[in-house]
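Working notes, beginning with the structure itself.
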Number of protein chains: 2
Amino acid sequence: MAAEPFAFNIDSLPPDKITLFDIRYDIEPHKSVSPWSWAVKYTLYAKKIPFHIKLVEMVDIPALSKVLGLQPGEGFTAEPMYTLPAIYDPSTKKAIVDSLAINMYLDAQYPESPRVVAEGTKGLIKAFLTAMKNLDYACFPVAIEICLGLTTAKSREHFRSTREKLLGVKIEDITPREPEKVAAAWAGIKKVFDTMDGWYGDNTFIMGTDVPTHADFVVAGRLMLLKEFFREESEEWNRIAGWNDGRWGKLLKYCNDMWVV
Amino acid sequence: MAAEPFAFNIDSLPPDKITLFDIRYDIEPHKSVSPWSWAVKYTLYAKKIPFHIKLVEMVDIPALSKVLGLQPGEGFTAEPMYTLPAIYDPSTKKAIVDSLAINMYLDAQYPESPRVVAEGTKGLIKAFLTAMKNLDYACFPVAIEICLGLTTAKSREHFRSTREKLLGVKIEDITPREPEKVAAAWAGIKKVFDTMDGWYGDNTFIMGTDVPTHADFVVAGRLMLLKEFFREESEEWNRIAGWNDGRWGKLLKYCNDMWVV
């Protein structure tokens with residue numbers, strides 16, 4: 001299939017609300033699996049900020065970023081790459097990339113709304129994001145082949161080649177098939193959730209407040225991805241949701257209940 | 001050498017100041033290398049709280065912990081183990097173990113002194129501690145044989161067997177000897193420091209304040225360990241101190257300047 005040329009004009013965006021640029025996947029109903037995008041969507045909803053979603057093909061992210069004047073940042077490796085989510089705010093004519101930077105912008109721009117990145121915590125949140133990579137790496141074996149299957153036809157080869165370069169093996173080769181290897185992969189995922197449970201301790205939300213903040217939305221974004229990958233009724237999702245006294249299922253439900261009007 | 005029996009009585013401790021229990025190593029001048037102990041010492045100094053150090057043989061930590069009524073916690077693995085540092089506060093007759101728990105106790109007990117764990121940040125700090133394990137693991141190859149050489153005769157075999165069980169190989173076998181393997185180990189360490197540099201960004205201290213807090217003291221504790229292992233004048237220490245525009249040398253100097261009266 002020949003790639004369609006990418007055409008994009010900022011003037012085509014809604015003039016009265018924030019646009020969230022998210023990566024298009026072939027999954028209903030949201031067409032979205034990016035946990036980083038969910039971290040922004042949950043924040044927009046917690047702040048009750050109206051917004052519009054524009055889905056972008058993965059292969060078009062560099063071209064879009066250049067139109068918006070966005071710089072490449074850290075992707076899922078430390079190599080610079082153009083990433084989404086990004087937002088465009090017509091009221092300030094500003095475009096922002098990176099979920100933490102976006103949420104800090106929203107905190108600054110909407111000071112009356114619930115703050116999601118507390119004063120002075122940016123550095124600790126970045127360390128938290130480093131620690132969260134342990135979950136991403138633990139989930140790769142059981143999740144990445146599902147993710148490949150959800151990419152659009154236009155972006156599938158790009159997804160495959162970038163991820164295989166990162167992982168050093170073919171996607172099909174890291175997916176465990178034998179029961180004992182599947183069990184070992186799940187034991188690795190459980191171990192990371194147990195560590196995360198230790199971060200939360202007695203708290204429902206990580207800052208010990210009665211409402212979630214940025215780091216909770218990052219965790220919920222990961223949970224949403226796993227739930228959508230495996231589907232709500234699956235054994236796999238219900239296993240995760242029930243771990244650590246049901247903490248993860250409850251956290252995601254809280255965030256999604258904010259989300260669904 | 002026959003192990004001396006461990007004898008310890010709480011009444012033998014100074015009645016007018018906090019006692020910090022630290023692990024005894026054969027290194028001058030501090031007899032101490034534990035980065036977790038440094039994280040408490042820097043806090044005690046930042047708060048100007050007088051204290052007394054009691055050095056404890058590694059093999060005596062379980063017996064001491066039982067006398068003090070302390071529970072085993074997370075060590076450098078997720079397995080429960082008795083650890084130091086711990087403190088005993090004669091004014092409240094309380095003993096506390098674990099550097100984060102100790103520093104939170106000191107925040108609560110000395111509310112007029114500079115706070116080192118900001119409200120609501122305990123969970124994020126725990127995630128930061130998870131991320132810091134990346135540095136510990138990256139440093140093992142070049143540092144653990146040095147650490148073994150600094151253990152006391154009484155505790156050396158215990159140190160060796162517990163660490164080899166964790167690492168799955170003999171300590172001598174994980175230490176790189178060939179120049180290209182040494183270079184690869186250092187490249188791994190540099191990569192972790194680059195990630196940590198990203199946490200700090202434009203900030204001198206991680207909370208963006210003009211004074212260091214708990215997480216900075218944890219980092220400084222790691223730096224102090226590396227400086228003491230390699231010695232101040234070594235190429236290795238000066239390499240680390242100079243990385244990321246000299247950030248790490250400056251951070252350690254700030255903390256040590258608080259420390260040396």
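The values are calculated or read from the model by the stated rules, or taken from the named source; none is laboratory data. Quantities reported herein were computed from a predicted structural model and do not represent experimental measurements. In this analysis, Cβ positions are derived from the backbone assuming ideal geometry, glycine residues included, and neighbour counts consider all displayed protein chains. The area values use the complete protein model at the heavy-atom level, side chains included, leaving out ligands, DNA and RNA. Shrake-Rupley method; radii C 1.70, N 1.55, O 1.52, S 1.80 Å.
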Q.
I need every pair where a residue in the range B:172-188 that is open to solvent by 40 Å² or more (accessible area, probe 1.4 Å) has its Cβ under 6 Å from the Cβ of a residue that is assigned to a helix (DSSP H, G or I) and hydroxyl-bearing (Ser, Thr, Tyr), sequence separation at least 6 or different chains.
A. none
Q.
Anything in the range A:193-227 that is more than 28 Å from A:Glu119 (Cβ to Cβ) and open to solvent by less than 20 Å² (accessible area, probe 1.4 Å)? List them, or say none.
A. A:Phe193, A:Leu226
Q.
Checking the conditions here, which among B:Pro85, B:Pro72, B:Pro114 is surrounded by 20 or more Cβ atoms within 10 Å (Cβ to Cβ) and of a type outside the set (Ser, Thr, Tyr)?
A. B:Pro85
Q: Give me the pairs, please: first residue somewhere in the range A:195-210 and over 22 Å from A:Met258 (Cβ atoms) and within 7 Å of chain B (Cβ to nearest Cβ), second residue anywhere and in a loop (DSSP other than H, G, I, E, B) and modelled with pLDDT under 95, beta-carbon distance under 9 Å, and either six or more positions apart or on two chains.
A: A:Thr195/B:Ala78; A:Gly198/B:Ala78
Q.
Every residue in the range B:47-59 that is open to solvent by 20 Å² or more (accessible area, probe 1.4 Å) and assigned to a helix (DSSP H, G or I), please.
A. B:Val59
